[in-house]
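Student: Here you go, one structure.
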Amino acid sequence: MLENNDKNVRLPHEIIQILDKSSNGKNIDEKVRLSLTIGMFAEGTVTLERVAELAGIPLVNFIDILQSIKIPWMEYTPEHIKDDELAIQKYKDRTNK
């Protein structure tokens, strides 16, 4: 059974003022939680699914928030492009027979 290990964290007043201006989150606790989880995702510390869970919001809503602040939620690497090109070529080869 998990224990409640919530901790109180002290933040400088300036940070609270900036967070309070954020449109994401209903109250300062939600805004801090969301900011922390966005940072975790941006660092690559936690998966997209897990940060949405930690933020306490549905995955699709977390993706919307990331898009609204111009943070890519999916990385499309050169390896992905190569894999797609190979898959397309295999499909073309099969349909041309």
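FYI, it's all coordinate maths here, none of it is from the lab. Predicted, not measured: the structure shown is a model, and the values here were computed from it. Reconstructed Cβ throughout: ideal geometry from the backbone, glycine too, with neighbour counts over all protein chains shown.
Student: Which option, [x] 18.4; [y] 16.3; [z] 14.2, is the value of Kirkwood radius over Cα pairs in Å that was calculated from these coordinates?
Tutor: Matching entry in [x] 18.4; [y] 16.3; [z] 14.2: [y].
Student: Work out the length of the dipole vector of the chain about its Cα centre, built from +1 on the beta-carbon of each Lys and Arg and -1 on the beta-carbon of each Asp and Glu, and round it to the nearest 20 debye.
Tutor: 260
Student: Quick one: net charge of Ile69's neighbours, Cβ under 14 Å, K/R +1, D/E -1?
Tutor: Charge balance in the 14 Å sphere: +2.
Student: Can you list the HN-Hα couplings for segment 7-24, worked out from phi with the Karplus curve (6.51, -1.76, 1.60; θ = phi - 60°), rounded to whole Hz and with x for Gly and Pro?
Tutor: 10, 8, 10, 9, 10, x, 4, 4, 5, 4, 4, 5, 4, 5, 7, 5, 7, 8
Student: State the extension gain, in nm to one decimal, for the chain segment bounded by Val9 and Trp73, taking 0.36 nm per residue of separation less the distance between their alpha-carbons.
Tutor: 20.2 nm
Student: Which lysines have a Cα less than 28 Å from the Cα of Lys70, not counting those fewer than 8 places away in the same chain?
Tutor: Answer for Lys70, where 28 Å is the Cα cut-off: Lys21, Lys26, Lys31, Lys82, listed by chain and number.
Student: Pulled fully out, how much extra length does the chain show between Tyr91 and Val60, if you take 0.36 nm times their separation in residues and subtract their Cα-Cα distance?
Tutor: Numbers: separation 31, 0.36 × 31 = 11.16 nm, distance 3.08 nm.
Roughly 8.1 nm would be gained on extension.
Student: Also, quick follow-up: Using a 10 Å cut-off on Cβ atoms, rank the peptides 28-41, 64-77 from the highest mean neighbour count down.
Tutor: 28-41, 64-77
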